[in-house]
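Read-outs: derived from the displayed coordinates by stated rules, not from any lab. Predicted model only: the values in this text are computed from it and were never measured. Here the Cβ is made from the backbone with ideal geometry for all residues, glycine too, and neighbour counts use every protein chain on show.
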Amino acid sequence: MNTSDDITQQALNRYNRLFDNEQYMTISMMFAADLRADHDSSHVADVMNLITDMALSLSGHSHYEMAWLKLATFCGQNAVKPATIDAVYTYLLLFQQIGDTSVEDFEGTSKALLKTYETTDTLRAAVSFSNGVHGWRGRIGYELLASSDYMIQSAIQLLIHGNPSYIREKLQSGLRRLTGALFEGVRHSDSPTLFAFKEIYLPDEHDRH
């Protein structure tokens, strides 16, 4: 049986064998442009270290668990362009082993976060504007948009493996806004049954069995 040191050395050997300096340097230049930083800045160095960590993880190194998530979170939160994410994805495929899905998880998470952050400011502006619309339709629109904001924040926290209590708090707020919208429809619309969803069941822990 291999010792821990043997496995680590094997991972390092595999990483060094598969390392592609040309792709690596191209990616670092792309990050410098996206981050509007000097190529030799600490900000660029930080993300390139994250890429190396993930490549080592893909190669079997045990010290970089969830490296894909750290890299994806960085890309999503720093508005890294899709083309750069694609270049990182292609590079990391060099190290991916059969049965490992972390490269795909990296791509999906980083791009989902990127697009979600792009829409957040626009959505919150819509929430603000809709709050000034009079009548029950305006109130429902406001509540639904506010609910969407909370749900998006929940999704972000889920994607980055955020604090479960914080996720629950956002989900609760979103559901309150959603039920508030339905109450407005039931109370004030000409067709209250359209807004009645009594058949909806919210699962609880007992549904696990």
Review point. Hey, with R₀ at 35 Å, roughly what FRET efficiency would residue 26 and residue 207 work out to, going by the Cβ-Cβ distance, to 0.05?
Key: 0.10
**Study point:** Values of log10 I(q)/I(0), in the order q = 0.21, 0.32 Å⁻¹, for the range 1-44 under a Debye, Cα-only, solvent-free model
**Key:** -0.70, -0.99
Revision key, fill the gap. Of the candidates 9, 161, 26, the farthest towards the positive dipole end of the chain (Lys/Arg Cβ +1, Asp/Glu Cβ -1, centred on the Cα centre) is 161
Check your understanding: Stretch residue 155-residue 18 to full length: gain in nm at 0.36 nm per residue minus the Cα-Cα span?
Key -> 45.8 nm
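For the chain, what is one quarter of the convex hull surface built on the Cα atoms, given in nm²? Don't skip to the end; give the middle numbers.
Working: hull surface 67.5 nm².
That works out to 16.9 nm².
Find how much the distance from residue 45 to residue 6 grows on full extension, using 0.36 nm per residue of separation minus their present alpha carbon separation; answer in nm with one decimal. Present the calculation step by step, with values, prior to reporting the outcome.
On the way: separation 39, 0.36 × 39 = 14.04 nm, distance 2.84 nm.
Computed gain between residue 45 and residue 6 is 11.2 nm.
Working out 0.36 nm times the residue gap between residue 79 and residue 172, then minus their Cα-Cα distance, what length gain in nm do you get to one decimal?
Values: separation 93, 0.36 × 93 = 33.48 nm, distance 2.84 nm.
Gain on extension, residue 79 to residue 172, equals 30.6 nm.
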Check your understanding: For a label point 7 angstrom out from the Cα of residue 193 toward its Cβ, which stretches of the range 135-149 have the backbone nitrogen within less than 13 Å?
Key -> none
Practice item. Kindly express, to the nearest 10 degrees and within the range 0 to 90, the angle between helix 4-18's C-alpha long axis and the longest C-alpha principal axis of the chain. Key: 90
**Study point:** Degrees between helix 82-92 axis and first principal axis of the chain (Cα, 0 to 90, nearest 10)
**Key:** 40
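Under the √(5λ) rule applied to the eigenvalues of the Cα gyration tensor, what semi-axes describe the equivalent ellipsoid of the range 114-196? Give them in Å, descending.
The three semi-axes for the range 114-196 are 26, 16, 8 Å.
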Point to revise | Of 193, 73, 116, the one that fluctuates the most in a GNM where the chain has Cα springs shorter than 10 Å | key: 193
**Study point:** In the chain, lysine pairs with alpha-carbon atoms under 17 angstrom apart (chain gap of 8 or more, or interchain)
**Key:** 4
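Which three semi-axes in whole Å describe the equivalent ellipsoid of the range 25-136, each the square root of 5 times a Cα gyration tensor eigenvalue, listed largest first?
Numbers: eigenvalues 214, 62, 23 Å².
Working from the Cα gyration tensor, I get semi-axes of 33, 18, 11 Å.
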